[in-house]
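Enquirer: Here you go, one structure.
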Amino acid sequence: MLEAGTKAPDFTLPDKDGNPVSLSDFAGKKVVLYFYPRDNTPGCTRQACAFAAAYAEFKSLDAAVIGISKDSSASHQKFADKHGLPFILLSDPELSAIQAYGVWQEKKLYGKVSMGVVRSTYIINEEGMIEKVMPKVKPDTNAAEVLDYLRS
């Protein structure tokens with residue numbers, strides 16, 4: 001995982017409509033960049049819906065919310081439509097941003113070891129520097145914790 005105080009790696013990935021989105025597009029804004037394992041799974045759905053429910057407050061704090069997983073743009077489109085997600089979802093099947101941010105890690109589930117995305121959130125400041133790192137976040141509390149941090 002990357003450390004607070006380091007430059008956030010830039011990336012360009014397709015959104016749910018297939019349009020390229022770069023981190024550098026958000027220069028001058030705070031960015032809440034969250035990585036999650038998979039669309040339409042229970043935890044990821046709860047996490048995304050919590051960010052969606054608080055989206056107006058993120059906007060009022062001038063913070064962009066971006067979710068990244070290795071799912072396809074088509075999967076993101078269905079996920080966003082099904083749950084009314086107003087923020088950006090980016091597709092990273094090549095794991096370029098996922099690996100650049102150090103969230104592709106060994107995971108253990110029921111004794112089985114595999115590689116996967118560790119649910120993590122980065123808060124990036126207006127100058128593109130990582131301001132806060134939140135590793136291994138809980139899907140039900142992540143959005144509220146990010147808001148608490150941004151308000152302070």
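The values are calculated or read from the model by the stated rules, or taken from the named source; none is laboratory data. Given the structure is predicted, the values throughout are model-derived calculations rather than measurements. Neighbour counts are summed over all protein chains in view; Cβ atoms, including those assigned to glycine, are modelled from backbone coordinates with ideal geometry. Note: accessible area is taken over every heavy atom of the protein model, side chains too, but ligands, DNA and RNA are not part of it. Shrake-Rupley method; radii C 1.70, N 1.55, O 1.52, S 1.80 Å.
Enquirer: Within the set of pairs 6 or more residues apart or between chains, which connect a residue that is free of Cβ contacts under 8 Å to residues at least 60 places away in the same chain and closer than 10 Å to residue 1 by Cβ inside region 97-112 to a residue that is loosely packed, with under 15 Cβ neighbours inside 10 Å and not polar (S, T, N, Q) with Cβ atoms less than 9 Å apart?
Expert: 105/1; 105/115
Enquirer: Picking from 81, 92, which residue would you name as being open to solvent by less than 10 Å² (accessible area, probe 1.4 Å) and among the acidic types (Asp, Glu)?
Expert: Going through 81, 92 in turn, just one is open to solvent by less than 10 Å² (accessible area, probe 1.4 Å) and among the acidic types (Asp, Glu): 92.
Enquirer: Looking at (1) farther than 18 Å from residue 132 by Cβ; (2) in contact with a Phe, Trp or Tyr (Cβ under 8 Å, 6 or more places away or on another chain); (3) crowded, with 22+ Cβ neighbours inside 10 Å, find the lone condition where residue 33 falls short.
Expert: (1)
Enquirer: Do the conditions hold for residue 4, that is, is it within 23 Å of residue 150 (Cβ to Cβ), open to solvent by 40 Å² or more (accessible area, probe 1.4 Å), in contact with an Asp or Glu (Cβ under 7 Å, 6 or more places away or on another chain) and at pLDDT 95 or above?
Expert: Details: within 23 Å of residue 150 (Cβ to Cβ): yes; open to solvent by 40 Å² or more (accessible area, probe 1.4 Å): yes; in contact with an Asp or Glu (Cβ under 7 Å, 6 or more places away or on another chain): yes; at pLDDT 95 or above: yes.
Answer is yes for this residue.
Enquirer: Given the structure, is residue 73 of a type in the set (S, T, N, Q), more than 17 Å from residue 1 (Cα to Cα) and under 15 Å from the mean Cα position of the chain (by Cα)? I'd like the intermediate steps shown before the answer.
Expert: Working: of a type in the set (S, T, N, Q): yes; more than 17 Å from residue 1 (Cα to Cα): yes; under 15 Å from the mean Cα position of the chain (by Cα): yes.
Against the criterion (of a type in the set (S, T, N, Q), more than 17 Å from residue 1 (Cα to Cα) and under 15 Å from the mean Cα position of the chain (by Cα)), residue 73 qualifies.
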